[in-house]
Amino acid sequence: MKVQNPDGEWKNYPPSFSDEDKSMLQSFVEEHADVCCMRELTPLTPHDTICIRHDVDYSLEHAIKFARWENDRGIHSTYFVLHTAWYYRDRIKLYGQMSLLQNYGHEVGIHLDSVNESAIDNHPHYDAAAILLKAKLAELRSAGFDIVGSAAHGGIYTDLELFENRFTLDDFGLQYEAYDLQHKLNVNYISDNRGKWRAPLVKEETWIHLRWVQLQRLLTRHLRDKHI
Ligand SMILES: [Zn+2]
């Protein structure tokens, strides 16, 4: 499906999850004792918990449809909104949509792109990126959204670079960064990418699109190896 953004540019919209994908997700979730948002995770969270992350790169409306589908089935996940996406420009609409996600029982975090946003001639300016990010977070928080988690977006640079040397999560009032957290988890953690699931904890298949059967087998093996 093609969508037109407010600049009048057409872009290819990534494929959606099929009905088969969705029913597989439902049965995968049902095999677990619990499903929880990322902010709820602690080192004591049981390993038969599943945690689902969505980076909303393109369409918040599409994300809301999926969020409603998840909520109808008792699935609560974490949606990261991208502050450089075209849907982010209309704040009134954005806040309404973010509230809807929360009303469906999901967590909303921020999908970080401030290093790319503040780069000049492809040269990163980390201090400028930090100022920009703090302003974005302050704006969301003053609108009533308690944002505690981030997930870095891709690009020439990633905002993970912000946390490598110069800044800490505390500087931004954040509790976790998803890419950092995923290495500390003992739970099944999956992340969606353009209608496919990724299982970043699975080392040998990291960031390769997985079919469901493979995903389930590999995640189970990962947890078994980790806990025995
Ligand atoms: Zn992204």
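Each residue in the range 71-111 was checked for being in a strand (DSSP E or B) and without any contact (Cβ under 8 Å) to a residue 60 or more places away in the chain, and 5 pass. Residues in the range 143-192 that are within 16 Å of the ligand (Cβ to nearest atom), of a type in the set (A, V, I, L, M, F, W, C) and in a loop (DSSP other than H, G, I, E, B): ILE156 alone. Of all residues in the range 96-117, exactly one satisfies the criterion of being β-branched (Val, Ile, Thr) and modelled with pLDDT under 95, namely VAL115.
Residue by residue, here is whether (1) over 30 Å from ASN103 (Cα atoms); (2) more than 15 Å from the chain's Cα centre (by Cα) holds:
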position: SER118; (1), (2): yes, yes
position: PRO124; (1), (2): yes, yes
position: ALA135; (1), (2): no, yes
position: GLU139; (1), (2): no, yes
position: GLN182; (1), (2): no, no
position: TYR189; (1), (2): no, no
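Of the residues making up the range 71-85, just one is over 13 Å from the mean Cα position of the chain (by Cα), crowded, with 18+ Cβ neighbours inside 10 Å and under 19 Å from THR49 (Cα atoms), namely ILE75.
Cβ-Cβ contacts under 8 Å between residues 6 or more apart (or on different chains), taken from a first residue in the range 50-70 that is in a helix (DSSP H, G or I) to a second residue that is within 15 Å of the ligand (Cβ to nearest atom) and among the β-branched types (Val, Ile, Thr), are listed as LEU60/VAL81; ALA63/VAL56.
Within the range 140-151, being over 13 Å from PHE172 (Cβ atoms) and of a type outside the set (A, V, I, L, M, F, W, C) holds for SER142, GLY144, ASP146.
Can you tell me which residue is farthest from the ligand (Cβ to nearest atom) among those in the range 34-69 that are small (Gly, Ala, Ser) and modelled with pLDDT of 90 or more? Let's see the steps before the verdict.
Filtering the range 34-69 for residues small (Gly, Ala, Ser) gives 59, 63, 67.
The next check asks that each one be modelled with pLDDT of 90 or more; those that pass are 63, 67.
Numbers: ALA63: 12, ALA67: 17 Å.
Filtering the range 34-69 for residues that are small (Gly, Ala, Ser) and modelled with pLDDT of 90 or more, the one farthest from the ligand (Cβ to nearest atom) comes out as ALA67.
Exactly one residue out of ILE92, ILE120 is modelled with pLDDT of 95 or more and more than 19 Å from LEU181 (Cβ to Cβ), and it is ILE92.
Does any residue of the range 103-110 turn out to be of a type in the set (Phe, Trp, Tyr) and crowded, with 19+ Cβ neighbours inside 10 Å? Yes, because at least one residue in the range 103-110 is of a type in the set (Phe, Trp, Tyr) and crowded, with 19+ Cβ neighbours inside 10 Å. Tell me, yes or no, whether the range 200-215 has at least one residue that is crowded, with 19+ Cβ neighbours inside 10 Å, at pLDDT 80 or above, within 20 Å of the chain's Cα centre (by Cα) and over 16 Å from MET38 (Cα atoms). Checked against the condition, which is being crowded, with 19+ Cβ neighbours inside 10 Å, at pLDDT 80 or above, within 20 Å of the chain's Cα centre (by Cα) and over 16 Å from MET38 (Cα atoms), the range 200-215 yields no hits at all.
In the range 94-129, which residue that is of a type in the set (Asp, Glu) and within 16 Å of the ligand (Cβ to nearest atom) is nearest to ASN165 (Cα to Cα)? Only one residue fits best here, namely ASP113.
The values are calculated or read from the model by the stated rules, or taken from the named source; none is laboratory data. Here the structure is a predicted model, which means the values were calculated and not measured. When we count neighbours, we look across all protein chains shown, and the Cβ atoms used for this are built from the backbone with ideal geometry, even at glycine.
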